[in-house]
Structures are given as C-alpha cells and as structure tokens.
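The values are calculated or read from the model by the stated rules, or taken from the named source; none is laboratory data. Quick caveat, the model's predicted, so the values are computed rather than measured. Quick reminder, even Gly has a Cβ in these numbers, built from the backbone with ideal geometry, and neighbours come from all protein chains shown. Side chains included, ligands, DNA and RNA excluded: accessible areas come from the protein's heavy atoms. Shrake-Rupley method; radii C 1.70, N 1.55, O 1.52, S 1.80 Å.
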Amino acid sequence: MKKQLIIISALLFSLSGFSQGIEFEHGTWKEVLQKAQQSNKPIFIDVYTSWCGPCKKMSKDIFPLTEVGKVYNANFICYQVDAEKGDGIEIAKKYEVKAYPTYLFLKYDGTLFSRSVGSMEAEKFIAISKTALADMNDPKSIAMWEKEYVEKKNDPAFLLDYMNKRSKLGKSNNQLFDEYLKSIPEERRTSDTIVELYKKEERYLNVNSLAYTNLQKNQDKFVSKIYGLVYVYLADGVMNSLHEAAKLKDSLLLDTTIQAYDLLSPYMKSLKSKNELYMEYYKQVGDSEKYLKYATDFCNNQLMKISKDSIDKKDLIFAKMIEKQINSGALAKLDSTQLAQLKEQTSHTERDRISLNLNNIAWDIFEKVSNKNVLKDALRWSGRSLELSPNKAPWLDTYANLLYKLGQKKEAIAKEEVALHYANTEEHKWFEKTLAKMKSGENTWEN
C-alpha cells in the first residue's frame, strides 16, 4: 500500500510539470523583469480589473487551455496584473492602458513592442502572440518609421502601414487617419479599408477631426457595413472630446462637442443626456457651482419625473431586443448560464441606469455641499435610487451619510447598520469605519 502511494505521488508530481494552460508568474514586477532578463525571453502581461467581465471570461475559458499554454509558456514570461492594485497601477499608467483586458508584449527590458485588447477565442489569442513575436523581430524600429514619415506623409500605402505599426504599440492615429483620408479620393472614404480603420481608431475619435466628420456625413453608407456601431463610434467621439475639453479646460471644444452631441441618433442621446455631459465637464474642471446647477436640473426635472411605468416599458423593450438577438443566433457562443445571466442583467437596464445616476449625484452632493436645502434634495434623490434598487449596500450608505450630514444621527446609524447587513466583504470594512465615526460624532465626509 505504501509503495502504491509513493508511485501515485510520483506520478502526480510528474504530471504537475505539464501545464494545462498559461503559467503566470506570482512575484513582483521587478522580479518578473529580472527573470525575463536572465532567460532572455519577452514578457506577456494580461492587464485586467476585478470588475471586468471579458477579463474573467479569458481567465476562465482561454488561459487554462493546453494549446494556449503551450504557445505562451514556450515564448514568454507570463504575468497578470490588476490595473487598480499594486504593481498593476504603475504598469497600466506607464503603458497607457485604457481598456480591459489589455495584453502587453514587452522585451525583457520592458520596452513595449505590441499590444492587443479584448476577449477572444483561443485561435485568435494564439495568433496575436505570433504576430507580436514577428513585431519584436522586425528590424524596422518605430524611430525608423517616424523618420520615413517625414518623406512619405502623402503616400496612402505608407500611411496605412505606419498606422498599423502605431496601433500595435497602442498609439493614437488621429492625425494620421485624417492625413490618410485627405490623401485618397472622396469616393474611397467609405471603403472596407476605412471601416477597418474606424474599428481600430474609434476610441481616439475627436469631433474636430476629419475622420469624425467623414463618419457623421456618411452614416447611411457605413450602417450597411458595420450596422449600429456607426452610432456607437460617433457617441465615443463625443465622449472623447468631452474628456479632452475638460482636461484642457477648453470651453470652445466643449461647445463643439455639444453641437456634435445634438446630431447623435435619438437612441444614443437617450443613454446620456446633455445635462450629464455638462455635469461631467464641470466636475472634471472643478466648477462645483455649475456642476450643481446641471445636476439639480437633471435630477429634479428628468430622473425624478420618470414614472415607474415608463421605466418598466423601456426595460421590456430592451429585454425583447436581447431575446431577439438570442433567437437569431447572434449570441450562440454564450452557454445557457451566460445567457441566463445576460437576460437577468438586461431585464432592468433602464432602472439600474436611473438608480445609479441618482445615487452617484447624491453622493457627490454629500461630499461637496454643506447647504441643507441642497442636501435635502440629495436625500430625496438617494431615496428614489433605493426605491428602484432596494437593499443595495452602497446606495444605503449614501442615504445614511446624507441623513448624518443633515443632523439626523439616530436615523443615519440605523440606515448604516442596514447597509452593513447587505455589504460585501470589501464594502463591509469601509462601512464599519463610517458607522464608528457616526457613533463617535466625527464627520464622515472628511478623510
């Protein structure tokens, strides 16, 4: 019996040496770099977040596959980082990670030579690693491309290749996209080549660019090629421009952005109101007075006036759209569990949107405002958010904090205890601190 156990143990030990998927390093970023330098191997990094659905899908369904592990383990030192924790924060900042999951391919000294974004099937995931290795071994550096660009900036073929190279490094091609459009006849500005450029560059679109104007002008032609993505890309361009306007504190760009927003499809405008754009801008530039003006108007005259019947009607329409997509086979890659989750989540999309907006604005008011009349307004907004989403711990916490700031200490403590009851592990520790402050009479709106 003892001998059999020894043999079985030895067999299990030997089998453990054969990876069934990607073997990720568990040390620090510094240790990973050292290992890469010692082995003279490039590095593959999966940059994820804890809340990212596509990230979880890759970790659950793709990374553990034998065929995937075979390719990645042989060619890379593999590493995973949460972009919002530890070393991941600095890595995401250094390599300008804007979406999740992002896959970074680095030389052993940390130099980026390729990147890719999003969840994908195993075949494509393996393919991007091979493309990355080819990029690493490309003798033509980005510096050489930049030097050649000076001489060939009017050559459409060169511009396409140059944009492709920059895309792999995660660089914006805003200016180059416009230059490419200028270099070709107008009738070619809706070609399949242009469609592919929009797919790659939509996250960089700006309302002041020729690329945006071209998409806006030729919406009908592009709809036949990429359907509703046209409207999504246009909306993305508006939001990109809004963030740029806020970053630069550029009121003229804000005006241009609002004009572009006015031309969006009714459906896209229904997802985000003009008030929300102004709120986001003034929040980012730190103008509390103007933020409060638009937030108050948005809550009192829009969110608080939407009837439950109207909300239910919109949710039903969206649920039917998802059902139609499922029946058409467009979501065939999802299993029964995933489909059930999707149906459940999308059955209350409008309700969640309104509830989230009310809670977030109420929290902003709690943090920044001392005027009791405004705080009472925020308490009403918070109360409505709880009517739509009862027993949501962060929502309960917002309501409790507003009560406390309004001097209703006993009611605030009772509500915060309810929030604690529904809180997850991460929320629980923060709400306990809040409750302790309330009981001791400390301000909860100061760190």
(Q) Please enumerate, by chain and number, the aspartates and glutamates with C-alpha under 20 Å from the C-alpha of Lys439, excluding those fewer than 8 residues away in the same chain. (A) Glu367, Asp397, Glu411, Glu416, Glu417, Glu427
Q) If you build a Gaussian network model of the chain, linking Cα atoms that sit under 10 Å apart, which residue out of Ser328, Ser39, Ser270 swings the most? A) Ser328
Q | Two-site FRET efficiency, Asp309 against Ser347, from Cβ-Cβ distance with R₀ of 22 Å, rounded to 0.05 | A | 0.90
Q) In region 67-174, with Lys and Arg counted as +1 and Asp and Glu as -1 at Cβ, which of these residues, Leu133, Phe113, Gly69, has the Cα nearest the positive end of the dipole, that is, farthest along it? A) Phe113
Q.
Students often forget the sequence filter, so: which lysines lie under 19 Å Cα-Cα from Lys249 once same-chain residues fewer than 8 apart are removed?
A. Lys274, Lys283, Lys290, Lys293
Q | Normalised contact order of the chain, rounded percent, pairs of Cα under 8 Å and 6 or more residues apart | A | 7 percent
**Q.** For region 198-247 and region 407-447, distance of Cα centres in Å
**A.** 44 Å
Q | Net lengthening on full extension, Lys107/Lys30 (0.36 nm per residue, minus Cα-Cα) | A | 26.3 nm
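Just how large is the dipole of the chain about the Cα centre, in debye to the nearest 20, putting +1 at every Lys and Arg Cβ and -1 at every Asp and Glu Cβ?
With only Lys, Arg, Asp and Glu charged at Cβ, the dipole is about 480 debye.
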(Q) At 1.4 Å probe size, put Trp381, Trp51, Trp145 in order of accessible surface, largest to smallest. (A) Trp51, Trp145, Trp381
Q | Pairs from Lys57/Lys140; Lys94/Lys247; Lys85/Lys405; Lys93/Lys217; Lys305/Lys372 whose Cα-Cα separation, in the structure shown, is over 25 Å | A | Lys57/Lys140; Lys85/Lys405; Lys93/Lys217
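At 1.4 Å probe radius, can you tell me the per residue accessible area of the chain in Å²?
Solvent-accessible surface per residue comes out at 56 Å².
In what sequence, largest accessible area first, do His348, His428 appear using a 1.4 Å probe?
Accessible-area ranking of His348, His428, largest first: His428, His348.
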Q. Can you flag which of Lys98/Lys124; Lys60/Lys272; Lys98/Lys392 are past 26 Å Cα-Cα?
A. Lys60/Lys272; Lys98/Lys392
(Q) I'd like the carbon and sulfur percentage of the solvent accessible area for the chain, probe radius 1.4 Å, heavy atoms only, ligands and nucleic acids excluded. (A) 53 percent
Q) Given the protein chains as shown and a 1.4 Å probe, how many square angstrom of Glu196 are accessible, to the nearest 10? A) 90 Å²
Q) Gain in length, Asn424 to Lys60, computed as 0.36 nm per residue apart minus the alpha-carbon separation, to one decimal in nm? A) 128.8 nm
Q. Using 7 Å Cα-to-Cβ label points, what is the Asn154/Ala134 separation (nm, one decimal)?
A. 3.2 nm
Q.
Using 0.36 nm times the number of residues separating Lys85 and Lys124, minus their current alpha carbon distance, what extension gain do you get?
A. 11.2 nm
Q) What size of dipole, in debye to the nearest 20, comes out for region 335-390 about its Cα centre when the only charges are +1 on Lys and Arg C-beta atoms and -1 on Asp and Glu C-beta atoms? A) 320 debye
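Find the relative contact order for region 44-158 and round it to a whole percent, using C-alpha pairs within less than 8 Å whose residues are 6+ positions apart.
In percent, rounded to a whole number, it is 28.
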Q. By DSSP, what percent of the beta bridges with both residues in the chain are antiparallel, rounded to the nearest 5?
A. 55 percent
Q.
What is the distance in Å between the Cα centroid of region 25-42 and that of region 302-360?
A. 44 Å
Q: Using just the helices of the chain, give the 222 nm mean residue ellipticity in deg cm²/dmol: DSSP H runs with n ≥ 4 each add -39,500 (n - 2.57), and the total is spread over all residues, rounded to 500.
A: -21000 deg cm²/dmol
